[in-house]
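See below for the structure under consideration.
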């Protein structure tokens, strides 16, 4: 692993693709693509520019957040994960801190190009990520909620392309908050094995996420029949790995369940995006999955 490769690994590039899916989902919910199929929209700079800036923003925010996760965990990783870039010596704490800070600052500045609200949301996501890296992940209850809030804020960031949409549809952010909280609960068993109560709780939370997406059909701008195929695929992604891990609680199976849950974020976003902007747009979001899966073969997602 080269030095550049080590810093890229710290950023978890496969996971960054899932963050882009959050932005695309929020962009669809904002109404930017609501009136017509997305390929019929006049794709001027006025339409595409805010999406581009918000995608750049989430790359910086997510990349910076996970880099700081390894910075704060450097000493622990020397014992539990010596193969990670910092304990292996391929990256330094100082270098990782500088890279993480630049990424977070770049994420906020990119969002500022869209609106002041976008910048405020980006700053909130950055601060929530740092809070999780520093203290949040050590709390059994607040940690999962803290991590989930980062994803919820990221979805709102995509929605901020139309600021009024954030005020109207803010509650949609509760879905990724709940989902990421579930994954965070599962991930705590990666090293020493899972807690059966936590794994059962994650199953319940997954079910509530599915129910939350189905409930979006109550919105006049959401078409459930477009969402349904993606939603079934989402369920297929998340439940089997978790159910296989529950009887044994083995770390290897827990890692597989976490990896499946992270990659399935794209499918979850596709299911909601399809309901707001048509199955074609949902398919476009879903196409991020093979990209993320391919990158995940080269770089760890946990």
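The values are calculated or read from the model by the stated rules, or taken from the named source; none is laboratory data. Predicted, not measured: the structure shown is a model, and the values here were computed from it. Every residue, glycine as well, gets a Cβ built from its backbone with ideal geometry; the counts of neighbours run over all protein chains shown.
How many residues, within region 273-283, are crowded, with 20+ Cβ neighbours inside 10 Å and either within 19 Å of residue 16 (Cα to Cα) or touching a strand residue (DSSP E or B) at 6+ places or on another chain (Cβ under 7 Å) (or both)? Reasoning before the result, please.
First, pick out the residues of region 273-283 that are crowded, with 20+ Cβ neighbours inside 10 Å: 273-279, 281-282.
Filter once more, keeping what is either within 19 Å of residue 16 (Cα to Cα) or touching a strand residue (DSSP E or B) at 6+ places or on another chain (Cβ under 7 Å) (or both): 273, 282.
Total satisfying the criteria: 2.
Regarding region 141-154, can at least one residue be identified that is under 15 Å from residue 53 (Cβ atoms), touching a helix residue (DSSP H, G or I) at 6+ places or on another chain (Cβ under 9 Å) and either at pLDDT 95 or above or not in a helix (DSSP H, G or I) (or both)?
For region 141-154, residues under 15 Å from residue 53 (Cβ atoms), touching a helix residue (DSSP H, G or I) at 6+ places or on another chain (Cβ under 9 Å) and either at pLDDT 95 or above or not in a helix (DSSP H, G or I) (or both): present.
Against the definition (surrounded by fewer than 17 Cβ atoms within 10 Å (Cβ to Cβ) and either without any contact (Cβ under 8 Å) to a residue 40 or more places away in the chain or not in a helix (DSSP H, G or I) (or both)), how does residue 98 come out, yes or no? Give the steps one after another, and end with the answer.
Details: surrounded by fewer than 17 Cβ atoms within 10 Å (Cβ to Cβ): yes; either without any contact (Cβ under 8 Å) to a residue 40 or more places away in the chain or not in a helix (DSSP H, G or I) (or both): yes.
In short, yes.
Quick one: is residue 105 in contact (Cβ under 8 Å) with a residue 40 or more places away in the chain, at negative phi, assigned to a helix (DSSP H, G or I) and surrounded by 22 or more Cβ atoms within 10 Å (Cβ to Cβ)?
On the way: in contact (Cβ under 8 Å) with a residue 40 or more places away in the chain: yes; at negative phi: yes; assigned to a helix (DSSP H, G or I): yes; surrounded by 22 or more Cβ atoms within 10 Å (Cβ to Cβ): no.
No.
Those residues that are crowded, with 20+ Cβ neighbours inside 10 Å, over 17 Å from residue 180 (Cβ atoms) and modelled with pLDDT under 90, I need them from region 221-252; list them, please.
245
Being within 30 Å of residue 49 (Cβ to Cβ) and either touching a helix residue (DSSP H, G or I) at 6+ places or on another chain (Cβ under 9 Å) or without any contact (Cβ under 8 Å) to a residue 12 or more places away in the chain (or both): is that true of residue 111 here? Steps first, please.
Numbers: within 30 Å of residue 49 (Cβ to Cβ): yes; either touching a helix residue (DSSP H, G or I) at 6+ places or on another chain (Cβ under 9 Å) or without any contact (Cβ under 8 Å) to a residue 12 or more places away in the chain (or both): yes.
Here the answer is yes, as residue 111 does meet what is asked.
Based on what the data block shows, is residue 53 surrounded by fewer than 22 Cβ atoms within 10 Å (Cβ to Cβ), at pLDDT 95 or above and closer than 30 Å to residue 171 by Cα? Can you show your working first?
Numbers: surrounded by fewer than 22 Cβ atoms within 10 Å (Cβ to Cβ): yes; at pLDDT 95 or above: yes; closer than 30 Å to residue 171 by Cα: yes.
Considered against the rule, which asks whether it is surrounded by fewer than 22 Cβ atoms within 10 Å (Cβ to Cβ), at pLDDT 95 or above and closer than 30 Å to residue 171 by Cα, residue 53 comes out as yes.
Checking residue 255 against (1) more than 30 Å from residue 53 (Cβ to Cβ); (2) buried (at least 16 other Cβ atoms within 10 Å of the Cβ); (3) at pLDDT 95 or above, which test does it fail?
(3)
Just for region 79-91: of the residues that are assigned to a loop (DSSP other than H, G, I, E, B) and closer than 11 Å to residue 10 by Cβ, which one is farthest from the chain's Cα centre (by Cα)? Spell out the reasoning first.
Taking region 79-91 first, the residues assigned to a loop (DSSP other than H, G, I, E, B) are 81-84, 89-91.
Next, only the ones that are closer than 11 Å to residue 10 by Cβ stay: 84, 90-91.
On the way: 84: 21, 90: 26, 91: 24 Å.
By that ranking, first place goes to 90.
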